[in-house]
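> Here it is, the structure in full.
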Amino acid sequence: MTEKGITIVGVKKRYGSGDTAVEALKNVNMHVAPGEVVGLIGPSGSGKSTLLKCLGAVIEPTAGQMMLGDDLIYDNAWRVKDLRALRRDRIGFVFQAPYLIPFLDVTDNVALLPMLAGKPNAEARKQARELFKALDIEHRAKAMPSQLSGGEQQRVAIARGLVNRPPVILADEPTAPLDSERALAVIRILNEMAQKFATAIIVVTHDEKIIPTFKRIYHIRDGVTYEEKGEGRSFE
Amino acid sequence: MISLAGRDIMHSWGKFVFTGMGLGLLIGVTLSMAGIYRGMVDDARVLLENSGADLWVVQKDTLGPYAESSSIYDDSWRGIRSISGVADAADITYLTMQVRRKGVDVRAMVTGITAGGPGTPGWPPYLIGGRQITRGHYEAVADIATKFKLGERIKIRRNHYTIVGLTRRMVSSSGDPMVFIPLKDAQEAQFLKDNDAIREQRRRTEENSAFNRPGVPGLLDAIIASQSINTYVNAVLVRVATGHNPDEVAESIRRWKHLTVYTRSQMEEILVGKLIATSAKQIAMFLIILSIVSSAIVAFIIYTLTMGKIREIAVLKLIGTKNRTIVGLIMQQSIALGLIGFVVGKITATLLMAPIFPKHVLLEPLDSIFGFIAVVMICILSSIISIRAALKVNPAEAIGG
Ligand SMILES: Nc1ncnc2c1ncn2[C@@H]1O[C@H](COP(=O)(O)OP(=O)(O)OP(=O)(O)O)[C@@H](O)[C@H]1O
Ligand SMILES: [Mg+2]
């Protein structure tokens, strides 16, 4: 396995133990190439969020292998010591709810990530503002999160996921609160970013409006993944 | 890196300022408490310092004249002065009582001083107005804290006195201002009975056949006269001659006069260690209670603030914030609260409590520094529960289901 992007082989995740144990992931195999946006769909409780949490180094899988780029980060145990640094430097998260930091303005909500990575404030803010144009939130750069609309907040959250130019972005139902026009806009931005920065992106969704936009889709059912060719329809 | 704590405080400054002010009033009371204790100790020291005495000669086996009552003959000073090493010795009486001025009572420590001059033990060392007492009767020097004015007439027991001089910071160990009057007047005031009592005593003496002997003319009159004279004073203040060791002089007075003698440091020990010890304990209890209450308040506020931010903390962890940064966020807020509280507290204590408090409140810079350190420590300790809660937050919570 020397392919770049995200590679997942035989990942399993069991919650709890004994009688109450839940086999959330039984056999997950995935590959997402750099510059690719893939959909991950499946019924409720099928293990989608669990998979993103494993891949995002938020919870530990039970078995299997995970690779980010050339690095084997998990091989039946974590191979990386500082998971927080791994998340900070290599993974961008976009959640269903934006969860912005209420006491920081839009710019600093996004600039916080490069700051945490050690960038000087001015440079971090510049890096944040570069994304605002593409996400159409330039005019709200100085606003506080509470002053934004739901869609604007979601776009700020997306900017936050992208700002460190992570090689991987994990998005869990990022369009759930948005109308179809804005949902498609978000998918368009993710695709642009993927191409521009060679990011590998996984988008978990239930959203019928955006499912047709994926070129490749993984289905997950009872903790097992199946690959399927998507429609790859244009979202213009 | 921006200061997360600072931004959060700026964002919800109202909450911080108001809780900080509440805490500040508490800290202000705490600082004033310490100041009251310092004031009492200071009053005691000033009392001893201003008396101009090196030794206090009092009734045998008493802790007089301030902590216990003491009475010795008013001619003891003669013998004491003749002892080697004694530069000066003078009688003194202290009587805490209500002094009347234009129908209003002022609580004061009336001090009887012997005729002599400035520098005589017991005399006020300096005046801020007027002159010292020059006549043997009915003149008084009062501390300005009595609010008496020069030339005013005051009433002590049955006699009227004219204020001829004013002093400053002459107070008893319980903070009552001092009023100096001639010794003879003071002895009379201490001993004085009302007219009925005098008549009653005279009647009893006359009825006593041991005193009323027709065969011995003049005996009854002599006895009655002696009954109305007070030949006691509370203490003799001694100034030790330069070059003599007060301890040695005290020892020789003890040996010759069968009286109890205290040196300056022993007297200080009695005043601070015994006379104001109960008050000091009360104040210490209050300090402890206030510290506990302050800690509980800080802990509760910080915990509430942290719990309100638990989701943000999960997000911060998810995006890779170090634990150190999260600990810093909480602890800095806690310390900021303490700082606001301390500044408000210091201002309240200095501008509000100290001037209006009826007692002398002495705010020592060292106490403030100690108070500051205590506040910061309390804030750090109080934030520990919140920090533990924050560190337990699972970053997975930020992603949700
Ligand atoms: N912390 C946990 N402890 C125990 N079981 C869990 C935990 N989290 C999830 N599960 C179980 O694991 C299974 C997969 O959950 P997961 O959240 O991954 O589903 P999902 O595909 O994201 O569902 P949805 O579409 O409803 O969000 C479910 O049966 C769930 O009950
Ligand atoms: Mg889910």
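> Return only the number of the condition from (1) farther than 30 Å from B:ILE326 by Cα; (2) part of a helix (DSSP H, G or I) that B:LYS60 does not satisfy.
So the condition that B:LYS60 fails would be (2).
> For region B:351-366, give me each residue that is within 17 Å of the chain's Cα centre (by Cα) and either over 15 Å from B:GLY28 (Cα atoms) or modelled with pLDDT of 90 or more (or both).
Matches in region B:351-366: B:PRO358, B:LYS359, B:HIS360.
> Next question, about the same structure. Can you name the residue in region A:21-42 that is free of Cβ contacts under 8 Å to residues at least 60 places away in the same chain and more than 8 Å from ligand 1 (Cβ to nearest atom) and, of all such residues, is surrounded by the most Cβ atoms within 10 Å (Cβ to Cβ)? Steps first, please.
Going through region A:21-42, the residues free of Cβ contacts under 8 Å to residues at least 60 places away in the same chain turn out to be A:21-22, A:31.
Subsequent filtering for residues that are more than 8 Å from ligand 1 (Cβ to nearest atom) retains A:21, A:31.
Working: A:ALA21: 11, A:HIS31: 19.
Among residues in region A:21-42 that are free of Cβ contacts under 8 Å to residues at least 60 places away in the same chain and more than 8 Å from ligand 1 (Cβ to nearest atom), the one surrounded by the most Cβ atoms within 10 Å (Cβ to Cβ) is A:HIS31.
> Under 8 Å by Cβ, and 6 or more places apart or on different chains, what pairs join a residue from region B:376-401 that is within 14 Å of chain A (Cβ to nearest Cβ) and of a type in the set (D, E, K, R) with one that is open to solvent by 70 Å² or more (accessible area, probe 1.4 Å) and more than 16 Å from ligand 2 (Cβ to nearest atom)?
Going by the 8 Å Cβ cut-off, the qualifying pairs are B:GLU397/B:ARG311.
> Related question: Which residues, taken from region B:175-216, are open to solvent by 50 Å² or more (accessible area, probe 1.4 Å) and at pLDDT below 80?
Answer for region B:175-216, where residues must be open to solvent by 50 Å² or more (accessible area, probe 1.4 Å) and at pLDDT below 80: B:PHE191, B:LYS193, B:ASP194, B:ASN195, B:ASP196, B:ILE198.
> Next up: Give region B:67-87 a look and list any residue that's buried (at least 20 other Cβ atoms within 10 Å of the Cβ) and part of a strand (DSSP E or B), or say none.
Answer for region B:67-87, where residues must be buried (at least 20 other Cβ atoms within 10 Å of the Cβ) and part of a strand (DSSP E or B): B:ILE72, B:VAL86.
> Could you list, in sequence order, the residues of region A:87-110 that are open to solvent by less than 10 Å² (accessible area, probe 1.4 Å), at the interface with another protein chain (Cβ under 8 Å from one of its Cβ atoms) and outside any loop (DSSP other than H, G, I, E, B)?
Matches in region A:87-110: A:ASP108 only.
> Same structure again: Keeping to region A:43-78, report how many residues are part of a loop (DSSP other than H, G, I, E, B), touching a strand residue (DSSP E or B) at 6+ places or on another chain (Cβ under 9 Å) and surrounded by fewer than 21 Cβ atoms within 10 Å (Cβ to Cβ).
The qualifying residues number 8.
> What strands (runs of 3 or more DSSP E), lying completely within region A:154-236, carry at least 3 residues that are within 15 Å of the chain's Cα centre (by Cα)?
Result: A:168-172, A:200-204.
> Related question: Out of A:VAL9, A:VAL28, which single residue is part of a strand (DSSP E or B), in contact with a Cys (Cβ under 9 Å, 6 or more places away or on another chain) and farther than 18 Å from A:ARG87 by Cβ?
Result: A:VAL28 is the single residue among A:VAL9, A:VAL28 that is part of a strand (DSSP E or B), in contact with a Cys (Cβ under 9 Å, 6 or more places away or on another chain) and farther than 18 Å from A:ARG87 by Cβ.
> Looking at region B:282-306 only, could you name the residues that are more than 14 Å from B:ALA34 (Cβ to Cβ), open to solvent by 40 Å² or more (accessible area, probe 1.4 Å) and not polar (S, T, N, Q)?
Correct list: B:ILE292, B:VAL293, B:ALA296, B:ILE297, B:PHE300, B:TYR303.
> Is there any pair linking a residue in region B:1-23 that is at the interface with chain A (Cβ under 10 Å from one of its Cβ atoms) to one that is open to solvent by 80 Å² or more (accessible area, probe 1.4 Å), with Cβ under 6 Å and at least six apart or on different chains, and which?
Here the result reads B:ALA5/B:GLN332, each pair linking region B:1-23 to a residue that is open to solvent by 80 Å² or more (accessible area, probe 1.4 Å).
> Exactly one condition in (1) part of a loop (DSSP other than H, G, I, E, B); (2) over 17 Å from B:LYS184 (Cβ atoms) is not met by B:LEU166; state its number.
(1)
> Quick one: count up the residues across region A:201-221 that are surrounded by 15 or more Cβ atoms within 10 Å (Cβ to Cβ) and away from ligand 1 (no atom under 16 Å from the Cβ).
5
> How many residues are closer than 23 Å to A:ILE8 by Cα and either within 16 Å of ligand 2 (Cβ to nearest atom) or among the charged types (D, E, K, R) (or both) if we restrict to region A:137-181?
Looking only at that region, the number is 6.
> Looking only at region A:8-17, decide whether some residue is open to solvent by less than 40 Å² (accessible area, probe 1.4 Å) and more than 14 Å from ligand 1 (Cβ to nearest atom).
Yes, there is a match, as at least one residue in region A:8-17 is open to solvent by less than 40 Å² (accessible area, probe 1.4 Å) and more than 14 Å from ligand 1 (Cβ to nearest atom).
> Within region A:171-200, which residues are charged (D, E, K, R) and within 16 Å of ligand 1 (Cβ to nearest atom)?
Residues satisfying the conditions are A:ASP172, A:GLU173.
> Now a separate question. I'm checking my understanding of the structure. Among residues of region B:299-352 that are outside any helix (DSSP H, G or I) and in contact with an Asp or Glu (Cβ under 8 Å, 6 or more places away or on another chain), which one is farthest from the other protein chains (Cβ to nearest Cβ)?
Among those that are outside any helix (DSSP H, G or I) and in contact with an Asp or Glu (Cβ under 8 Å, 6 or more places away or on another chain), it is B:LYS309.
> Which of (1) crowded, with 22+ Cβ neighbours inside 10 Å; (2) more than 10 Å from chain B (Cβ to nearest Cβ); (3) touching a residue at least 40 places away in the same chain (Cβ under 8 Å) is the odd one out, the single condition A:ALA128 does not satisfy?
Of everything listed in (1) crowded, with 22+ Cβ neighbours inside 10 Å; (2) more than 10 Å from chain B (Cβ to nearest Cβ); (3) touching a residue at least 40 places away in the same chain (Cβ under 8 Å), A:ALA128 misses just condition (3).
The values are calculated or read from the model by the stated rules, or taken from the named source; none is laboratory data. Keep in mind it's a predicted model, so treat the numbers as computed, not measured. All Cβ positions, even for glycine, are placed from backbone atoms using ideal geometry, and neighbour counts span all protein chains on display. To get the accessible areas, we keep the full protein, side chains included, count just its heavy atoms, and leave off ligands, DNA and RNA. Shrake-Rupley method; radii C 1.70, N 1.55, O 1.52, S 1.80 Å.
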